[in-house]
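Notes follow the structure.
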Amino acid sequence: DLRVGDIVVVEKGEDVIPKVVKAVVSRRARGSAAPKPYKMPTRCPECSGSLDRSGDEVVWRCVNASCPAMLSRRLLHFASRRAMNIEGLGESLIAQLIEAGLARDFADLYNLDVGALEQLDRVGNKSASNLLNELQKSKSVEVWRLIHGLGIRHVGEGVAQLLAASFNSIDALMDSSIKELEAVPEIGPIVAQAVQRFFQDRDNRLLIQNLKMAGLAFTGSIGTSTASQKLSGLTFVITGALSGMTRGEAKSAIQKLGGKVTTSVSRKTSFLVAGEEPGGNADKARECGTSILDEEAFRKLLGQ
DNA sequence: ATACAAACCCTGAAGCTGGT
DNA sequence: ACCAGCTTCAGGGTTTGTAT
């Protein structure tokens with residue numbers, strides 16, 4: 001039986017049974033009486049594939065490689081701003097591309113053309129050419145974005161950057177041993193195993209091959225910039241909205257100067273950069289005695 | 001007007017590290 | 001070997017911006 005708090009997901013996110021889980025979540029949000037238990041499915045309702053639960057996790061995953069629900073979430077993640085940064089490729093467009101058989105994996109995206117795109121709902125000439133332009137741009141993004149976009153378990157933005165910085169090429173990463181992976185700081189046995197498993201899979205290796213053929217550059221390392229490293233050793237957390245820049249821009253500005261950016265305040269945090277309407281991190285910062293910078297002070301620190 | 005996508009915050013789960 | 005503290009990952013909800 002599925003109860004409140006139980007989560008049923010496929011790779012990188014989406015619920016295998018979105019409707020049921022959403023119902024559970026909204027009941028919890030409304031704080032209403034005890035929800036009635038739902039029957040736990042034994043097959044993925046989207047594709048009837050097998051479900052897998054590893055270890056003690058209350059998390060089930062569809063293990064069917066061609067499950068459309070999984071494919072949809074993987075494509076969405078691949079295109080997202082923090083991965084390949086393909087603007088304009090969202091949920092509904094992806095659903096249509098899968099439906100039309102135009103996107104069976106990441107590499108297929110690079111074979112799209114204006115004609116095919118214009119056949120889709122709510123896609124005109126403008127959005128079609130915008131998207132093609134974005135896809136073209138994404139061919140030369142930094143390697144870590146691709147590593148992140150692949151959707152390997154436990155490999156998000158941060159770990160992808162570590163991996164890109166530690167291995168010279170995607171080929172070196174693909175052929176790395178568990179030992180080599182664990183030698184990277186902050187990577188332990190579980191993450192190392194997830195990475196190795198992914199790259200040992202035949203289909204995944206083929207996918208990388210296809211992406212290379214589609215014209216992805218796989219170059220541009222994380223950027224050991226020649227700029228000064230004056231923030232080296234300092235840890236920042238950004239909260240609230242900044243007026244002159246997005247949080248992403250603020251983050252990369254800090255990283256360029258050798259600083260580290262994390263998401264929650266602890267005693268190890270050097271500075272909290274607080275914009276408009278800061279969240280709970282601001283309270284935590286006062287508690288921990290962390291120095292708080294407003295946007296103006298932050299810009300001064302950056303030397304802007 | 002409507003549909004879709006982006007940006008943002010918050011939060012829970014789980015992995016990693018270092019101290020005991 | 002175990003635990004505490006810290007960090008990352010990733011989902012949910014809301015608000016804002018843009019194309020049809």
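The values are calculated or read from the model by the stated rules, or taken from the named source; none is laboratory data. All figures in this text were calculated on a predicted structure; none of them were measured in a lab. Virtual Cβ from ideal backbone geometry, glycine too; neighbours counted across all protein chains shown.
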- Note on the structure: Screening A:209, A:161 for residues that are surrounded by 15 or more Cβ atoms within 10 Å (Cβ to Cβ) and part of a helix (DSSP H, G or I) leaves only A:161
- Task: Of all residues in the stretch A:84-104, count the ones that are among the small types (Gly, Ala, Ser) and either within 13 Å of residue A:134 (Cβ to Cβ) or in a helix (DSSP H, G or I) (or both).
- Result: 4
- Query: In this structure, is residue A:275 of a type outside the set (Val, Ile, Thr) and under 23 Å from residue A:82 (Cα atoms)?
  - Reply: yes
- Task: Tell me which of these residue A:153 doesn't satisfy, since it passes every other one: (1) modelled with pLDDT of 80 or more; (2) within 14 Å of DNA strand B (Cβ to nearest atom); (3) not acidic (Asp, Glu).
- Result: (1)
- Message: Given the criteria at positive phi and charged (D, E, K, R), does residue A:186 qualify?
- Response: yes
- Only residues that are buried (at least 17 other Cβ atoms within 10 Å of the Cβ) and under 16 Å from residue A:149 (Cβ atoms): list them for the stretch A:98-133, please. A:103, A:105, A:106, A:107, A:109, A:110
- Counted residues, the stretch A:268-293 - those being over 27 Å from the mean Cα position of the chain (by Cα), loosely packed, with under 14 Cβ neighbours inside 10 Å and assigned to a loop (DSSP other than H, G, I, E, B): 1
- Output the residues belonging to the stretch A:250-267 that are part of a strand (DSSP E or B) and out of contact with any helix residue (DSSP H, G or I) (no Cβ under 8 Å at 6 or more places or on another chain). A:262
- Close pairs (8 angstrom Cβ cut-off, 6 or more residues apart or separate chains): in contact (Cβ under 8 Å) with a residue 40 or more places away in the chain in the stretch A:178-198, of a type in the set (A, V, I, L, M) and assigned to a helix (DSSP H, G or I) anywhere: A:195/A:163; A:195/A:173; A:195/A:181
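Sort out which residues of the stretch A:105-134 are part of a loop (DSSP other than H, G, I, E, B) and of a type in the set (Asp, Glu), and write them in order of number.
Selection gives A:105, A:113, A:121.
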